[in-house]
There are 2 protein chains.
Amino acid sequence: MSVLYNRVALIGLGLIASSMAHAMRRAGLAGEIVGTARSAETRDIARELGFCDRIVDTAVLAVEGADLVVLAVPVGAMGAVAAEIAPHLQPGATVTDVGSVKRAVIETVAPHLPDHVHFIPGHPLAGTEHSGPRSGFAELFDNRWNILIPNGADEAATEKLIDLWKGMGANVETMDADHHDLVLSVTSHTPHLIAYTMVGVADDLSRVTDSEVIKFSAAGFRDFTRIAASDPTMWRDVFLANKDATLEILGRFTEELFALQRAIRIGDGEALFDYFTRTRAIRRGIIEAGQDTDAPDFGRTGKHK
Amino acid sequence: MSVLYNRVALIGLGLIASSMAHAMRRAGLAGEIVGTARSAETRDIARELGFCDRIVDTAVLAVEGADLVVLAVPVGAMGAVAAEIAPHLQPGATVTDVGSVKRAVIETVAPHLPDHVHFIPGHPLAGTEHSGPRSGFAELFDNRWNILIPNGADEAATEKLIDLWKGMGANVETMDADHHDLVLSVTSHTPHLIAYTMVGVADDLSRVTDSEVIKFSAAGFRDFTRIAASDPTMWRDVFLANKDATLEILGRFTEELFALQRAIRIGDGEALFDYFTRTRAIRRGIIEAGQDTDAPDFGRTGKHK
């Protein structure tokens, strides 16, 4: 693939931005990659690892002459970054982001941006429970989905950004911001909140020791702890920024949970069996869609690798 | 390792029993392994796969001359199996089970058993989302925990059963039945119920299509769907049989969930951040204890294999 952007500015150098740098290099998509982060320590690590061509000390310096600017900071910090860089953006540049919520990002970022740039928010559905510049790798986006919110932006600019993500290995889907926030509340935000809660309950229960929780975690809880090990700042911002959809899905969740709780209390085995059978079908769909491995236990066991 | 039991009878030939057969053979722990299952189809598959020395048509035939009898049927079926085999058990034989709850199994099985056998319930904390005789493999128990409930049984018989599980690769812990049921409610039963519920909510939500749920599942939901793909019969029985502990942990869970929900509603970012930071530490403990891999995304991504 050939160079799509002459200079890409990565603002924030965590898991997503560092993986983007690795993935853009793998496919030769950027002429130059310039990175910056608020913390001097993060900038030093990024310099040491060398996944950007240049690391600069401020966002203003990073966007200078950039034809693509990627906001890869926590959702709660995006508005301030947008205000800071706005006067320095090159006419015709594309500005995108990688935040997990989209309506709130549009509301806080768009008002700052000049008319002469293309703002096309995005959300790559990829990640691990690790964070920071050392956690990035080129394959993170391979066969994962990236959702872009064209939001009325220029078509050619949108197509180019789609090509970039495809070049980094991702599949691309476009939708509007509100629908994104609802879908992600179901597939990501609410599951994370629930996992955090369950892990917190385990930690609180004095009659069950922490060492027991840890020893016997293989039986289901382990998957929750992985989810609940994700970056606290990012997730705080997600829930604050996607409040309405999260509260709606949480309401539905507790409603269903209470129905199952009642079935357990009254001993209605048929209701439980029917519910558990129905959910099995969804898993099959995910495996058929290539979004997970069918290897038992995610391939953790040696035999099925 | 040398032969510990001359004849092992496996009653039920699903994931756990078939894995036990593979694991006992790997280490040469049993003189002969005799298997049976209620369904003729399961017995035929087991004959075809050949992981037992003999497959017989009834539980009564299976226990004939066996010095170890393993009840590997759903918890709800254990009482009936115990009643059926009781008159045919060899004096001095050990009877164990692999059910996910222990108090209810003891209450339904023990009354049927003659005094001349040793009843030592057990629960191997190992499994995958697959079930049936084809899903078994020798490594399933390697470095996983098996909990035994000696429940006043003969010490020598208990030690021998511990040696068997160690020989199959497991670590062994003993505790009483009620404590087991509480611990497992936290680390397994309630997480499963929650995962089932979340997957059910996604399926119900007409404004989010099934294909969207499937496509965008990588962002957290995927782990829930794996859990929610487990055997419906087994889990129905688990919740009916471990009602009290499940309802207690569910009560604590909804209490904490409502507190987080309130923090989201009133925009209390500090409370969310603190909660999410605390749960991160538990994950580190699990990885340090060797009960999961630290590879990002469970090693699904190619790079970290």
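Details
- Compactness check for segment B:179-267: Cα Rg over 2.2 N^0.38 Å is 1.22.
- Förster-model FRET efficiency, 41 Å R0, A:F258 and A:E107, C-beta, rounded to 0.05: 0.75
- Debye equation applied to the C-alpha atoms of segment A:15-59, log10 I(q)/I(0) at 0.19, 0.20, 0.24 Å⁻¹: -0.52, -0.58, -0.81
- Between B:R54 and B:D210, residue separation times 0.36 nm minus the direct Cα-Cα distance comes to 51.7 nm.
- Sorted largest first, extent of the protein assembly as shown alpha carbons per principal axis (Å): 88, 44, 40
- Looking at segment A:5-175, the DSSP beta bridges with both ends there are about 10 percent antiparallel.
- With all protein chains in place and a 1.4 Å probe, the accessible surface of segment A:9-61 carries 50 percent carbon and sulfur.
- Considering only chain B, percent of DSSP beta bridges that pair antiparallel, nearest 5: 10
- Based on DSSP H segments of at least four residues, each scored -39500 (n - 2.57), chain B has a per-residue ellipticity at 222 nm of -14500 deg cm²/dmol.
- Once B binds A, the 1.4 Å probe can no longer reach about 10500 Å² of accessible area, counting both sides.
- Heavy-atom surface of segment A:5-175, accessible at 1.4 Å and reported per residue (Å²): 36
- Calculated FRET efficiency for the pair B:E173/B:E32, C-beta based, R₀ 25 Å, to 0.05: 0.30
- Distances between placed amide hydrogens fall under 5 Å for A:V172 paired with A:N146, all partners being 5 or more residues away or on another chain.
- Overall Cα dimensions of chain A, principal axis frame, Å, largest first: 67, 39, 38
- Heavy-atom SASA rank of B:R38, A:R144 (probe 1.4 Å, accessible area, largest first): B:R38, A:R144
- Distant-in-sequence amide H partners of A:A93 (H built 1.01 Å from N, under 5 Å): A:H118
- Residue among A:E48, A:E248, A:E288 with the largest mean-square fluctuation in a Gaussian network model of chain A, springs linking Cα atoms under 10 Å: A:E288
- Reference-scaled alpha-carbon Rg (2.2 N^0.38 Å with N residues) for segment B:1-88: 0.99
- In segment B:190-252, the trypsin sites (Lys or Arg not before Pro) that fall in loop regions by DSSP, at most 12 other Cβ within 10 Å: B:R207
- Across segment B:159-188, the residues whose backbone nitrogen lies under 18 Å from the label position 7 Å along the beta-carbon direction of B:R25 are B:167-169.
- Solvent accessible area, Å² - B:H180, 1.4 Å probe, full protein context: 0
- In whole percents, the pair-distance distribution calculated for segment A:5-175 from its alpha-carbon pairs, binned every 5 Å from zero, is 2, 10, 20, 25, 24, 15, 5, 1.
- Note on chain B: with a GNM built from Cα contacts shorter than 10 Å, the maximum mean-square fluctuation among B:G122, B:G12, B:G269 falls on B:G269.
- Solvent exposure, largest accessible area first (probe 1.4 Å, DNA, RNA and ligands not counted), of B:L240, B:L68: B:L240, B:L68
- The Cβ shell under 15 Å around B:E107 holds other residues with a net charge of -3, Lys and Arg each +1, Asp and Glu each -1.
- To the nearest ten degrees, helix A:269-288 and the longest principal axis of the Cα atoms of chain A are 30 degrees apart.
- Average Cα contact separation per residue, chain A, under 8 Å, 6 or more apart, as relative contact order %: 16
- Of the solvent-accessible surface of segment B:191-236, computed with a 1.4 Å probe over protein heavy atoms with every protein chain present, carbon and sulfur atoms account for 47 percent.
- Virtual paramagnetic centre 7 Å along Cα→Cβ of B:V3, amide N under 11 Å, in segment B:14-36: B:29-33
- Sequence-distant contacts, meaning Cα pairs under 8 Å at least 6 residues apart, place the relative contact order of segment A:5-175 at 25 percent.
- Non-local lysine pairs in the protein assembly as shown, meaning eight or more places apart or on different chains, with alpha-carbon distances under 25 Å, amount to 28.
The values are calculated or read from the model by the stated rules, or taken from the named source; none is laboratory data. Small disclaimer: the values here were computed from a predicted structure and weren't measured. When we count neighbours, we look across all protein chains shown, and the Cβ atoms used for this are built from the backbone with ideal geometry, even at glycine. Accessible surface areas use protein heavy atoms only, side chains included; no ligands, DNA or RNA. Shrake-Rupley method; radii C 1.70, N 1.55, O 1.52, S 1.80 Å.
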